[in-house]
1. Going down the table (B:LYS188/B:LYS212; B:LYS2/B:LYS188; B:LYS27/B:LYS188; B:LYS2/B:LYS27; B:LYS71/B:LYS115), which pairs top 32 Å between alpha carbons?
2. Using per-residue counts of other Cβ atoms within 10 Å, averaged over each peptide, order B:51-59, B:87-95 from highest down.
3. For the interface of B with A, what's the total buried accessible surface in square angstrom, probe 1.4 angstrom, rounded to the nearest hundred?
4. Tell me, how many Å apart are the Cα centres for the range B:30-99 and for the range B:6-23?
5. Please list log₁₀ I(q)/I(0) at q = 0.15, 0.17, 0.26 Å⁻¹ for the range B:51-137, using the Debye equation with identical point scatterers on the alpha-carbon positions.
6. Pull out the extension gain between B:LEU139 and B:ALA73, defined as 0.36 nm times the separation in residues minus the alpha carbon to alpha carbon distance; nm, one decimal.
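The values are calculated or read from the model by the stated rules, or taken from the named source; none is laboratory data. Values in this document were obtained by computation on a predicted structure and should not be read as measured data. Note that each Cβ is placed from the backbone with ideal geometry, even for glycine, and that neighbours are counted across all protein chains shown. Side chains included, ligands, DNA and RNA excluded: accessible areas come from the protein's heavy atoms. Shrake-Rupley method; radii C 1.70, N 1.55, O 1.52, S 1.80 Å.
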Amino acid sequence: MEDRYEKPEEDKNSLASFCIAAIPFLALTIGPPFANRLEPRIFGLPFLLAYLVFWVLATPLFMLVASWIRRPR
Amino acid sequence: MKSIIALAIIGCVIVGTAGLGIFGVRKVKMDPTQFIVGGRSLGAIFLWLLMAGEVYTSFTFLGAAGWAYSKGAPAFYIICYLTVACILSFFYLPPIWRTARRHSLLTSADYFAVKYQSPLLGALVTLVGVVFLVPYITLQLTGIQILLQIAGYGTIDSVLAAGLAFGLIVGFVLVSGLRGAAWASLMKDALVLGAVLFAGIVLPIQFFGSPKGVIDQVPKGAAQLDDFGRRNQQFRNRLVCFHRISDRVRRLHVAAFHRSSLRGKERRSGQA
């Protein structure tokens, strides 16, 4: 039980998980100026809004992969 | 009558939320660790619910909506920044949590004092934290005040009501601590989700036919705002208006000067 709270051993994969997490991070910080368009509409939303909503919804998947890489079962 | 219904709903929500929070901690023995960090044993799902509940405040509903209404697309940053913050937290919060657990720390000030071996830094963090909480709480209280003003249809004294609401919040927090707040988040999350679905789907269908209808209305307004000629015309109108006012002031001055000089002449002629 106590082990759970100690520093995990599997830090060797932290660079890989960092790279995976960097994808949605960059998409949401550097990406928006390049997606700053009204057309094409996606489900009636302006392209920029649809782009942001897509990346917000996709982020948990990326983070899941990132944490999975760090702590293989 | 409308105000009674609206206020009754708000009252039910407050009592229900506080009740849920107090129900959640009824068997918990309160000590500082339990009060501040929930005994470090909240668990992943409960912590997730708590964080979701803490993220959405009256800023989300009033401030963000108002900002999006007045400024347009720049308000989209609100969608991004929390997600970005969560990505960063994934990497830096677990080490902080481990350090805090090893040293049995309770506040962020404790963390800085221990991590950097400097009680002075801890004191500074406390000070900064308190100072920057003031505008935040002011913002939330203003939000409560606006809500009560609208819900009361102008029939209640909103300052008094906001004071009362603040008293209730402080009382609730003192009784329930972090674990109680997490329980209250259950109710809050459900209400927020319901309100978002209502505002995003029901209101657009009611007033614009479909959610797409709202978005279609936006470029029409934006086109008007971006019309340089129109803005130029407005600017010119304002200039003309300003000129008219200053001209009137000038004439009034001239008239007053004439009158006083006339009076002076009369007086002088009267003396003569």
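1. From the list (B:LYS188/B:LYS212; B:LYS2/B:LYS188; B:LYS27/B:LYS188; B:LYS2/B:LYS27; B:LYS71/B:LYS115), the Cα-Cα distance tops 32 Å for B:LYS2/B:LYS27; B:LYS71/B:LYS115.
2. Working: B:51-59: 16.7, B:87-95: 13.4.
Ranked from most to least packed, the peptides come out as B:51-59, B:87-95.
3. Buried: approximately 2000 Å² between A and B.
4. Distance between centres, Cα-based: 23 Å.
5. -0.79, -0.93, -1.22
6. 21.5 nm
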